[in-house]
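Report on one structure; see the data block that follows.
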Amino acid sequence: MNSKKIVSAVALACTVVVSAPSAFADSAKAPGTGPNPFTDCGIGGALFENTHWAAVSSNVIWDLGTTAVISATASPETCSAQNMQAAQFILESYKGLVEETAKGTGENLAAMLDIYECEQGQASTVIGAVRADMAKQVGSEGYISQSNVEKASAYYDSVSAAAKVCSA
């Protein structure tokens, strides 16, 4: 790729990144009250939580920052590094998590509760809620035909809802 194309690509990326937030702005929120889409969201926010220039660069390089901006405006709660880490962990260790959730104990389950910063006294409440929800999901008619990503996503939703007691 020649230098003229690189400069053009960078200029386009900068234009998209700078103009994108106004395209998705939520009129009900005051400016500056949500996450910064360029440093807190997207691939960059997940990979470079404490290095803002690297987060911005990564988001722009990955997809011109559109995923980061959309996630910041459509679902700002997903922009925290904790949520990204939890989602990745759940996807990677889903089978073990389901087995350990059924048992009520295990290394993967403990690691997941650590990600959510649940204290020892909160763990049983969270595990109980997730066990009840997952029992319904696993017993549902369409569960067996779901992909691993769909199953992990449902588990993530269940844990995220139950783990709200941990951040209270």
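Bear in mind that the values in this text are calculations on the coordinates, not laboratory data. Values in this document were obtained by computation on a predicted structure and should not be read as measured data. Glycine gets a Cβ as well: all are built from the backbone with ideal geometry, and neighbour counts include every protein chain shown.
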Packing rank of 131-142, 93-104, where each peptide gets the mean count of other beta carbons within 10 Å, highest leading: 93-104, 131-142
Under a plain spin-label model, where a point goes 7 Å from the Cα along Cα-to-Cβ, how far apart in nm are residue 164 and residue 147? 2.9 nm
Using 0.36 nm per residue, how much length does the chain from residue 136 to residue 102 gain when fully extended, once their Cα-Cα distance is taken away? 11.0 nm
A correct Karplus calculation of ³J(HN,Hα) over segment 98-103, with 6.51 cos²θ - 1.76 cosθ + 1.60, θ = phi - 60°, whole Hz and x for Gly and Pro, returns 5, 4, 5, 5, 4, 6
